[in-house]
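Data block below; observations after.
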Amino acid sequence: PEAALPLMDGALVQLPAQHRLRGAIAVERAEVLVELGQASPAAVEQMLADARAAGLPEGLPVAYASLLGLLADELAKAERHEDALNVWQQVGASPGADEDKELRQLALQGQVQALVALGRAEQAELLIDGVSIDALSGGGAEKTCDAQLALATAHVDAGAVDAGVAALAQTLATCRSPRFLLERLPELVDLLARRGRESDARALLLSVRDD
């Protein structure tokens, strides 16, 4: 990926500011910087400026909201949690999140984590309680399972681990597609282990195995 950066930089120099391709290159460049560990809030903000000039918010709202999410992640890494919260709120309210509900799930997770980092766990729980499955789901059984899981893990992130574990168990009782289990179970085990809830993680695994 690093070898692609000079090519992207060259294209950004050559293309007019309003050229739509600049927006796509800005998103790709930001993703490469994150992958290489070379991203920063300032670098992503520059990519956002290029994306806005190229009309990306209107032309490719999902890509633009994803780029905002990268900025929020970098702000959180820099412990600028209030700024990260504000950006995640923008993501959750964006046209891109209307189009791709996974972005709304990420925005919820990011807002909860930012609120907890700011010492506002109770506000995080109020935020979670105000979100419906429909608001996070794009329709269909698997999307609904993803939405249920997003709410359950948000409870864990907010510190309401018992409520989160109960919601996880309920989700796994009905969401049994091989894709869902293969992708999500390792994440759930790791999440609970980080909270010191290895016994709950084992119980969830056993519930899937014994069904």
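The values are calculated or read from the model by the stated rules, or taken from the named source; none is laboratory data. None of these values were measured; they are calculated from a predicted model. Every residue, glycine as well, gets a Cβ built from its backbone with ideal geometry; the counts of neighbours run over all protein chains shown. All accessible areas refer to the heavy atoms of the entire protein, side chains included, with ligands and DNA or RNA removed. Shrake-Rupley method; radii C 1.70, N 1.55, O 1.52, S 1.80 Å.
Here are a few things to note about the model shown:
- Any helices (runs of 4 or more DSSP H) falling wholly within the range 1-66 and containing at least 2 residues that are β-branched (Val, Ile, Thr) and either farther than 18 Å from Trp88 by Cβ or at pLDDT below 80 (or both): 20-36
- Selection of the range 188-211 for residues being among the charged types (D, E, K, R) and free of Cβ contacts under 8 Å to residues at least 24 places away in the same chain yields Asp190, Arg194, Glu198, Arg202, Arg209, Asp210.
- Within the span defined as the range 177-188, one or more residues are within 16 Å of the chain's Cα centre (by Cα), part of a helix (DSSP H, G or I), of a type outside the set (D, E, K, R) and within 28 Å of Leu75 (Cβ to Cβ).
- Contacts under 6 angstrom Cβ, first residue in the range 146-157 being on the phi < 0 side of the Ramachandran plot, partner among the polar types (S, T, N, Q) and not in a helix (DSSP H, G or I), 6 or more apart: Ala147/Ser137
- Listed by first and then second residue, the pairs linking a residue in the range 75-104 that is without any contact (Cβ under 8 Å) to a residue 24 or more places away in the chain to a residue that is among the basic types (Lys, Arg) and open to solvent by 40 Å² or more (accessible area, probe 1.4 Å), with Cβ atoms under 7 Å apart and 6 or more places separating them unless they lie on different chains, are Gly92/Arg104.
- Taken together, Leu108, Leu118 contain a single residue that is crowded, with 22+ Cβ neighbours inside 10 Å, at pLDDT 95 or above and aliphatic (A, V, I, L, M), which is Leu108.
- Looking across the range 13-47 at every residue that is of a type outside the set (Lys, Arg) and over 23 Å from Ala72 (Cα atoms), the one that is most open to solvent (accessible area, probe 1.4 Å) is identified as Gln14.
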